[in-house]
Structures are given as C-alpha cells and as structure tokens.
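Peer 1: The structure under discussion is supplied below as structure tokens; questions concerning it will follow.
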C-alpha cells in the first residue's frame, strides 16, 4: 500500500483508549478529560476487524497506544487477537509503565514483542510533579519486569523539557552503557495541552550532542524511523534523537493512526480524520475507504504555519 508520494505505508498505531492513569502536564489538563460514551469507542471485535483489513493491505507493523493502553478493559485479549493475525511481523506497545509489572508476562504470552516506555525523569519528586502524582518506582519495576520476560528491546521515550529535565540527559544516556536499553529524546511538540508550553519550554535536541560529544552516530537500520541513533563507545544500547520540530522526517513517513473512537489520522500534525468506525457500523467497504484515504496523506506536516492540532496526545494516540 503506497500513498500519492510513493511512500510505503506499513505501520499502524492504534489507540485503544483515550483514558490514562497519569496527568502529565504537557499531555492532559489537570482535571482529566471528558469521558466518551462506551458505544463511541471501538469494541475489541471492531479493532480486530479493522486491523485485519489493514494487514490485508500490507500493514505488518502495529503499535498499541493510548491514553494508557493498560487501563483498557480487555487489553490482553486485544493484543492476543492482533498477535494471532497472519502478516503481523512486529507488535509493540507504548505505555507509561505504571501497570507494566502486573501485565508484562501476560502481554508477552499473547504475542506482544516489545515495549516503549514514556519516562521524562529519573527523579522521584520530579516524576510526581510532571505526572501530577505518579510514582516512579512503579515504572522502574515495570521496566525490570519487561526486561525479565523478554519484551525487548526496551525503548525509553523522554520528552525534553526546558528547565525540567535537560540536566538529566547524561543520566538517561548512561542507562545505555551496560543495559540493552535504547533511550530516545523527543522534542516538545505543539499539540493540544503542550501548545501553551512549547514556546517557553522547547529545547532543541542539539543540546544532547552538545552535552555528550562522545556520542557516535550509527548507521540507520530503518529509514522510516523518526529517530537518528547514536552510541556511547562500547555501550549495549543506543541513544535516539527525534526532531519533529527542528528537523522533519516526513519524506520517509510510513505510518498512520487509528484513534480509540475509530478515526483514521493520516498525519499526527493534522486535524483531518476519516471516520472508519461509522463506515464499519454502516456496513460500508472500509478497505476501499482506507485505500482512497491513503492517497490523501499529506506530503509533510506544516508546523511553521502555526496551525496546531487541538486534540491532546491521549486522544490521538502517541
């Protein structure tokens, strides 16, 4: 399946819920979000049916996201059904890790290959502050359990926030020295709740290379990956740098997103959505709708225009 610009689209990110058990300051308002009606969220069966169509069209890489996917009722069954589909070569999940200790073994048993864990600080007090009450120990225990059961390679995603965690860059990078863990620094993006923070707290990822000049750039294994990877000499893990603001990677974008309410998003930084849930429930041929939609995928995002996505990341899927 290719878009109008010849890009092979083989990566689907599925949000299974917009709910979350944290309230990260750049992601969600303190009061949380308005709950949607149960019938407005894709059922387990509908998720499976839609994913089957995408896989038949050539999607072979799937990531389950949220909100926080581990708070979704039936998450183990969702992973099982997707993992059982012929053609799915890589099944991953992005999680905040709070519930990972509880679910890691079951997730591995039903077909999940690996996890990305969102973690912006290694300081307990700062973690409680940025998440509005989360406990760092729960995440660290989750990472250790994921490592033990084989949900690897583990990737830790860090949103770089000026005045908050740029003093921890070296600490995160040192995690890669002796463990097979990749840490990936992501620039703060003007999406939803973070729009009002971006102008004041945005820090270019160039700061990472300035702080740790001994990092060595490594050959890119996957040209569609948004991360450029580096390594410390003789380290086991890698350091990824993702620059959606200072250096776009749209030319090789191979991904599309499905929200928890069944809306297909062709670009993270666009408000345009295609309602696959409504079409599915109306008995329409969603295969044809998907193929037509893929041709509308924009060539690149245009954050320079100042027209930002109004929804928060928990409503889109990370």
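Values quoted throughout were computed directly from the atomic coordinates according to the rules given, and no laboratory measurement underlies them. Since the model is a prediction, treat every value here as computed from it, not as a measurement. Cβ atoms come from the backbone with ideal geometry, glycine included; neighbour counts cover every protein chain shown.
Peer 1: Tell me, in nm to one decimal, what length is gained between residue 36 and residue 76 on full extension, where the rule is 0.36 nm per residue of separation less the Cα-Cα distance?
Peer 2: Answer, rounded to one decimal: 12.2 nm.
Peer 1: For the chain, would you read off the P(r) tail past 28 Å as a percentage of all alpha carbon pairs?
Peer 2: 38
Peer 1: Then there's this: I need the peptides 157-163, 175-181, 236-242 ranked by packing, meaning the mean over residues of other C-beta atoms within 10 angstrom, with the highest value on top.
Peer 2: Ranked from most to least packed, the peptides come out as 236-242, 157-163, 175-181.
Peer 1: In region 11-316, what percentage of the DSSP-assigned beta bridges are antiparallel, given to the nearest 5?
Peer 2: DSSP beta bridges in region 11-316 are roughly 25 percent antiparallel.
Peer 1: Work out, step by step, the length gained on full extension between residue 220 and residue 252: first 0.36 nm times the residue separation, then minus their alpha carbon distance; give nm to one decimal.
Peer 2: Values: separation 32, 0.36 × 32 = 11.52 nm, distance 1.26 nm.
So the extension gain works out to 10.3 nm.
Peer 1: Then there's this: Multiply the residue separation of residue 166 and residue 149 by 0.36 nm, subtract the distance between their alpha-carbon atoms, and state the gained length in nm to one decimal.
Peer 2: Roughly 3.0 nm would be gained on extension.
Peer 1: Take residue 57 and residue 102, extend 7 Å from each Cα along the Cα→Cβ direction, and tell me the distance between the two endpoints in nm.
Peer 2: 3.5
Peer 1: Contact order normalised by length for the chain, with contacts defined as Cα pairs under 8 Å and 6 or more residues apart; what percent is it?
Peer 2: Here the relative contact order equals 22 percent.
Peer 1: Once every DSSP H run of n ≥ 4 in the chain is given -39500 (n - 2.57) and the sum is divided by its residues, what mean residue ellipticity at 222 nm do you get, rounded to the nearest 500 deg cm²/dmol?
Peer 2: -8500 deg cm²/dmol
Peer 1: Just grab the label-to-label distance for residue 89 and residue 275, each label 7 Å out from Cα along the Cβ direction, in nm (one decimal).
Peer 2: For residue 89 paired with residue 275, the spin-label model returns 3.6 nm.
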